[in-house]
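S.K.: The structure under discussion is supplied below as structure tokens; questions concerning it will follow.
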Amino acid sequence: MTVDELDELRQTAMRQWDELHSKPHVTVGNATCGQGVGALETLNAIHDFLTERGVECDVVEVGCIGMCYAEPIMSVSLPGMPAVFYGEATPERACEILELHLLSKKPVAEYALGTVGEGSIDGIPNLFETPMMKRQVRRLLSRCGFVEPTNLMHYLATGGFDGLEKALSMEPSQIIDELRRAGLRGRGGVGFPTWRKWLTCIQTPSDEKFVVCNAHEGDPGIFVNRVLLESDPYSVLEGLLIAGYTVGASNGFIYCGAEYPLAFERLTAAIKALERVGLLGDDILGSGFSFRVWLVKGAGAYVCGEETALIASIEGERGMPRARPPFPAAKGLWDKPTVVNNVETLAYVPHILRHGAEWFAEYGTERSKGTKAFSLTGKVERPGVIEVPLGMTLREIISELGGGSSTEKRIKAVQIGGPGGGCIPESMFDLPVDYESLAPTGAMMGAGGIVVMDEDTCMVDMARHLIQFSQCESCGKCVPCRLGTKQMLAILEGITEGNGNEGDIVLLEEIADAMKVGSLCGLGQAAPNPVLTTIRHFRDEYEEHIRLHRCRAGVCKALSS
Amino acid sequence: MGLVGGELERRLEEILGAFCGKRSELIPILQRIQNEFGYLPEDALVKVSRFIGVPEAHVYGVASFYEQLRLRQLGKNIITICRGTSCYVCGSSKLIDEAKSVLGIDEGETTPDLKWTLETVTCLGMCAHAPCAIVNGKVYGKMTPEKLVSIIRAVEGGRRS
């Protein structure tokens, strides 16, 4: 495909997009989260309704808009009126909405979440003015819930491949400079500057180089990447293409966790579509740059989210990490220089190329630029996926966007950053969320999973649960992690079963120190964090368990509450 | 479900025919075999080791390392309960306890009559609808112990009729 052909395809795409929006149409959010609460049943009911009534109307299966609490979500658009998004659209309710809104042109305020587009409708707020949306800055998520994920024309009509086209007209050094000025840091949790990783790969001489997308979002309690992969897979592929061009790789790999079958399916379809039009293959856009993408399915090992373990897994080995340095950017897949980037990082790259570094850096803090997607779950009124400027406080995220506690109980803490993150007490919710600011709590932002806990959660039991997870998932290669998690788990089980001893807390801290210093990879180094942060912020709960045999949350069955 | 040696052989040949025998193909090959047979029969592992030219121990090492590769036959029906953090906070342990007691098996086990397998998974990424479970490929959000039992009963009832 040449630049001119792309342009032509883009024009067609925009025409089709306008055509779609000039006619009545219905959308249904069809990602895994929607499917889990009946989106497919709703979709079937909508098709049946339209067939029965003999109504011709486009039904577009879109991705996830992030308001997961209200799923299944559908929208109805009529010409001359803004689209209306409806929540909890069960099959019955969907038919009622179609009857009233689509057929009788009477939007149903009672079920509406909000309107999108020009104009207003009495009694229905603008969706982007509602509490969950108002303070979001949706850049990365801009297409999520609005386009058909695997439809290349939808992607092209919404600015898709502008970034690649721009990139191909630039020198790799200019792209590196753009990313450096933007200040994009890895969204997987560590926050390493993306440009620096790419530059290392460029500067390492080799006959072959690789780029890898880490789509193994193993952290429990986070699903940002899943939403992106299922709702806007092309943006990840475009980011991977730009990375490949920049570092001089002609092969890219996407390592997708087996837990995400729908993401895998949509990536497969998106790759095929790009191959078909020649946006993957030889001499892309007449630039001389050739690139192929290989989709690799994980086989269920949490540790494979660690980059060296992920590389081992692609090579067909057990997914065990190795010591770094050398970092993969210098010596990675089959010992060649390899850039490994997170889904969210790569998905952001085309936006930055398209809009420029200054646009990206408009939001965020001094050291943590840009916006970031977070998943908000647990005991919160409005769980879902949000995108906010880095530096927003936990309180703003949980109270304003999340709507506070979903129970009558008080919110006690959050667990943030996956099993290696930590627990932050409510008293520290005024800290901004970015790469550095949470350090005083002992926790870290990580990949952006926020799990809200109320007074029904026992913090000692939560620490036990998370250590049990890390113990299960430890690959067993290095001693501090393999034995440390085992011993910590044994002590925590003792405490939660009423067999705690004075001195257990000190012992836990000692083991934690050894693990942090001695473990080979991030899993073992971070595994003690939930224990250390709960000891730091909820020491009284540990002491009650050990001395009084009391669990105030009533979770530990062997103890009194 | 017992496979006659010749039949296993033939289907394996067919699967391996689609690969070239590179070391990096090991996991995709095992995934394909598992798709075909539901698990990884021992004879298949031996054959794969010869096909790729690696020791049997290496194939076994990889097959036993990954949670989703299975060395034993699974039940006809599979329940997978998410034990991710959000699901845990929202009560997934009650689901696991209920399933264990109704089916009379532990996590990772299969009933002796090969009807049911109970598994847990690290995270399905459906955290907004915690707690979540998958029964025979269908995902369910906001699962309760009662709902889970009624799904199990419905599957059993359906099979009898």
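S.K.: For residue A:206 paired with residue A:472, estimate the spin-label separation in nm (one decimal), with each label point 7 Å from Cα along the Cα-to-Cβ line.
M.R.: So the two model labels end up 3.4 nm from each other.
S.K.: Shape call for region A:424-561 from the C-alpha gyration tensor, a ≥ b ≥ c root eigenvalues: rounded (a/c under 1.5), prolate (a/b greater than b/c) or oblate?
M.R.: oblate
S.K.: Would you mind classifying region A:275-397 by shape? Square roots of the alpha carbon gyration tensor eigenvalues, ordered a ≥ b ≥ c; an a/c under 1.5 is rounded, otherwise it is prolate if a/b is larger than b/c and oblate if not.
M.R.: Oblate is the answer for region A:275-397, as a/c is 1.5 or above yet b/c matches or exceeds a/b.
S.K.: When only Cα pairs under 8 Å and 6 or more residues apart are kept, what is the percent relative contact order across chain A?
M.R.: Computed over chain A, the figure is 13 percent.
S.K.: Using the count of nearby Cβ atoms within 10 Å as a rough guide to exposure, how do A:438, A:241, A:262, B:114 rank from fewest to most?
M.R.: Ranking A:438, A:241, A:262, B:114 by Cβ neighbours within 10 Å, fewest first, gives B:114, A:262, A:438, A:241.
S.K.: Same structure, new question: Assign one of three labels to chain A, namely rounded, prolate or oblate, based on the Cα gyration tensor with a ≥ b ≥ c the square roots of its eigenvalues; rounded applies when a/c is under 1.5, prolate when it is not and a/b is larger than b/c, and oblate otherwise.
M.R.: Here chain A falls in the oblate category.
S.K.: Toward the positive end of the charge dipole of chain A, about the Cα centre and with charges on Cβ (Lys, Arg +1; Asp, Glu -1), which of A:474, A:1, A:289 goes farthest?
M.R.: A:474
S.K.: Would you work out which of A:371, A:222, A:312 lies farthest towards the positive end of the dipole of chain A, given +1 charges on the beta-carbon of Lys and Arg and -1 on that of Asp and Glu, about the Cα centre?
M.R.: A:312
S.K.: Quick check on packing: order A:489-496, A:139-146 by the mean number of other C-beta atoms within 10 Å, highest mean leading.
M.R.: Taking the mean over residues of other Cβ atoms within 10 Å, the ranking is A:139-146, A:489-496.
S.K.: Efficiency by 1/(1 + (r/R0)^6): what FRET value for residue A:272 and residue B:46, r their Cβ-Cβ distance, R0 = 51 Å, to the nearest 0.05?
M.R.: So, using R0 = 51 Å, E works out to roughly 0.90.
S.K.: Could you work out the mean count of beta carbons from other protein chains within 10 Å of each residue's beta carbon in A:461-472?
M.R.: Mean partner-chain Cβ count within 10 Å for A:461-472: 2.
S.K.: While we're here: Mind listing the long-range amide H neighbours of residue B:119? Cut-off is under 5 Å, sequence gap 5 or more, other chains count too, H placed in the peptide plane at 1.01 Å from N.
M.R.: B:79, B:80, B:81, B:108
S.K.: Something else: If you filter region A:180-261 for GluC sites (Glu not before Pro), then keep DSSP loop positions with at most 16 other Cβ within 10 Å, what is left?
M.R.: Here the sparse-neighbourhood loop sites are A:208.
S.K.: May I pose another question? Quick one: A:192, A:128, A:374, fewest Cβ neighbours within 10 Å first, how do they rank?
M.R.: With the fewest neighbours first, A:192, A:128, A:374 line up as A:128, A:192, A:374.
S.K.: Which residues in region A:2-32 have a backbone N closer than 14 Å to a point placed 7 Å from the Cα of residue A:283 along the Cα-to-Cβ line?
M.R.: Within reach of a label on residue A:283, which here means backbone N under 14 Å from a point 7 Å along Cα→Cβ, region A:2-32 contributes A:2-5.
S.K.: Got a sec? Charge dipole of region A:148-212, +1 on Cβ for Lys and Arg, -1 for Asp and Glu; which of A:194, A:150, A:160 is way out at the positive end?
M.R.: A:194
S.K.: Sticking with this one: Measuring from centroid to centroid over Cα atoms, what is the spacing of region A:94-156 and region A:311-354 in Å?
M.R.: 37
S.K.: What length, rounded to one decimal in nm, is gained on full extension from residue A:510 through to residue A:105, with 0.36 nm per residue of separation minus their alpha-carbon distance?
M.R.: Answer, rounded to one decimal: 139.1 nm.
S.K.: Taking each residue in B:90-101, count the Cβ atoms of any other chain within 10 Å of its Cβ, then average. What number comes out?
M.R.: Rounded to a whole number, the mean comes out at 1.
S.K.: Given a Förster radius of 35 Å and the C-beta distance between residue A:409 and residue A:126 as r, what FRET efficiency does 1/(1 + (r/R0)^6) yield to the nearest 0.05?
M.R.: 0.60
S.K.: Quick check on the exposure proxy: order A:138, A:324 from fewest to most C-beta atoms within 10 angstrom.
M.R.: Ordered from fewest to most neighbouring Cβ atoms within 10 Å, A:138, A:324 come out as A:324, A:138.
S.K.: Within region A:148-165, what residues put their amide N at less than 13 Å from the label point 7 Å along the Cα-to-Cβ vector of residue A:14?
M.R.: Only A:156-160, A:162 fall inside the zone, counting backbone N under 13 Å.
S.K.: May I pose another question? To the nearest 20 Debye, how big is the dipole of region B:28-71 about its Cα centre, given +1 on the beta carbon of each Lys and Arg and -1 on that of each Asp and Glu?
M.R.: Computed charge dipole of region B:28-71: roughly 100 debye.
Since every read-out is calculated from the coordinates, none of them should be taken as a lab result. Model, not experiment: these values are computed from the prediction. Virtual Cβ from ideal backbone geometry, glycine too; neighbours counted across all protein chains shown.
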